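The values are calculated or read from the model by the stated rules, or taken from the named source; none is laboratory data. These figures come from a predicted structure and were not determined experimentally. Neighbour counts are summed over all protein chains in view; Cβ atoms, including those assigned to glycine, are modelled from backbone coordinates with ideal geometry.
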Amino acid sequence: MNNPESKDVLTLEEASQLFQVSSKTFLKLLREEDIPARKVGREWRFSRAALLNWIETGNSRAYTSAEEENNAYFDQVAPVYDELRKACYGNALRDKLISRYTPPAGSQVADIGTGTGYLAKSLAQYAGKVVAIDSSTAMLEVAANDIIKAGLDNIEFLVGDAHDLPLEDASQDLVYANLLLHHLLEPSLAIKEMARILKPGGRIILTDVNQHNYQWVQQEKFDLWLGFEKKEIQLWFEKAGFIEVQIDDLDCNCRTSNRAGETFEIPMFLAVGTKP
Ligand SMILES: C[S@@+](CC[C@H](N)C(=O)[O-])C[C@H]1O[C@@H](n2cnc3c(N)ncnc32)[C@H](O)[C@@H]1O
């Protein structure tokens, strides 16, 4: 077994080892306490940072409920998500990204937090194979229906968590993630996961919103982060081992409206890095 000290996502055995109890005792704790845990298929997975935070604060409820609320939100809006998205950002963002970073013929590409397949559908027109991952089954169902209509047969949809991707190490040439990061509990962990699944020389192409002060998005849109500062993203990319990191303004805004009917334009950034 790997040393749990060096891993960000732990199995049941590794988490038990971290707590210095047997797996049986740890399972008992899991049933009786609010230990932050995810189920991937039939296996338990534990974020090391969340476990340590739970031990430190003695309360993991905020951790699990934020994640569950986020998922419930996307399950609920899935049938109308494409309409919502068109009001927030049109095709210009996708066309800009794909014309700058076009997947080479035959390449293996992942779209993390694919939603209803906004990027994936376009990527599949160039790449050899696209794997489109999202934690919301309802979003993926909408995406899969569209793909059948479009007659594309090189996209695979997988339910999965960006913090613990269901993909092999060094299996992808390019990894894209559009507007996923601000929904994640641990963006730095997800960036490390994206590094893990890239082949050497592979690239991450990540877009999200710049830091802002619209706090209502946390209650009304279930955003967990009020955007990001470029230097924060730079640090996470470097910690994940990326080189040739470049983070620029994207010259695209994400338009968002609150329940009071006010509309705001939030500028976006584009972050790119290469796995050595
Ligand atoms: C704002 S949408 C963006 C969707 C898509 N990338 C696009 O550009 O239209 C964010 C997506 O991230 C997904 N998501 C949120 N948390 C996730 C997680 N932990 N792992 C995987 N996907 C997640 C949501 O279900 C949702 O589909």
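All of Leu174, Leu189, Leu206 fail the test of being within 15 Å of the chain's Cα centre (by Cα), assigned by TED's automatic domain parsing to the domain that holds Thr114, within 12 Å of the ligand (Cβ to nearest atom) and not in a helix (DSSP H, G or I), apart from Leu206. Just so you know, in the stretch 148-170 the residues that are near the ligand (Cβ under 10 Å from one of its atoms) and part of a loop (DSSP other than H, G, I, E, B) include one that is farthest from Lys192 (Cα to Cα), and it is Gly160. Entry remark, the stretch 218-268: residues being among the hydrophobic types (A, V, I, L, M, F, W, C), assigned to a strand (DSSP E or B) and in contact with a Lys or Arg (Cβ under 6 Å, 6 or more places away or on another chain) number 1 in total.
Residues of the stretch 215-245 being within 18 Å of the chain's Cα centre (by Cα) and of a type in the set (S, T, N, Q), which ones? Residues satisfying the conditions are Gln218, Gln234. Of everything listed in (1) modelled with pLDDT under 85; (2) of a type in the set (Gly, Ala, Ser); (3) more than 17 Å from the chain's Cα centre (by Cα), the single unmet condition for Ser107 is (1). Kindly indicate whether any position in the stretch 206-220 is surrounded by fewer than 22 Cβ atoms within 10 Å (Cβ to Cβ) and among the charged types (D, E, K, R). So far as the stretch 206-220 goes, yes, one or more of its residues are surrounded by fewer than 22 Cβ atoms within 10 Å (Cβ to Cβ) and among the charged types (D, E, K, R).
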